[in-house]
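Read the structure below first, then the notes.
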Ligand SMILES: [Zn+2]
């Protein structure tokens, strides 16, 4: 094979690989994946709210309770009721943080102070 033909063949393969990866990426980027995960998470929380299982005091609702990282059963939140009862020890840290920043939207908004 002539040297020119070899270079042309290699260039073609490289170009094809670059184009294929551009149009059909083998791995999605971290950012694409993150957006997908967060969308899925927030639509799952919306479902839980619609089903009456998620009584959060902030908007958008906390994710900590949904993920089961607080005292409630997985997929549920009761932070709003705890604020209404003045039982702030049972409000999840994510909600407490938001309350401290003034983002509380509790049904008992007069109690939105920790
Ligand atoms: Zn919460």
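Over the chain, all Cα pairs binned in 5 Å intervals from 0 give whole-percent P(r) values of 2, 11, 16, 15, 11, 7, 5, 5, 5, 4, 5, 4, 4, 3, 2, 1, 0, listed from short to long. Helix 30-50 and the longest principal axis of the C-alpha atoms of the chain enclose an angle of approximately 30°. For the pair residue 89 and residue 74 in one chain, pulling the backbone fully straight at 0.36 nm per residue adds 3.5 nm over the alpha carbon distance. Give the angle, between 0 and 90 degrees and rounded to the nearest 10, that separates the Cα long axis of helix 3-23 from the longest principal axis of the Cα atoms of the chain. The helix 3-23 is inclined about 20 degrees to the chain.
Taking packing as the residue-averaged number of other Cβ atoms within 10 angstrom, the listed peptides 74-82, 95-103, 43-51, 20-28 run from highest to lowest as 74-82, 95-103, 43-51, 20-28.
Judged by the mean number of other Cβ atoms found within 10 Å, the most tightly packed of the peptides 34-41, 84-91 leads the ranking 84-91, 34-41. Only Cα pairs under 8 Å and 6+ residues apart enter the sum, and on that basis the relative contact order of the stretch 4-114 stands at 20 percent.
Bear in mind these aren't lab numbers, they're just calculated from the coordinates by the rules spelled out. Remember, predicted model here, so these are calculated numbers, not experimental data. No Cβ is skipped: glycine too gets one built from the backbone with ideal geometry, and neighbour counts run over all protein chains shown.
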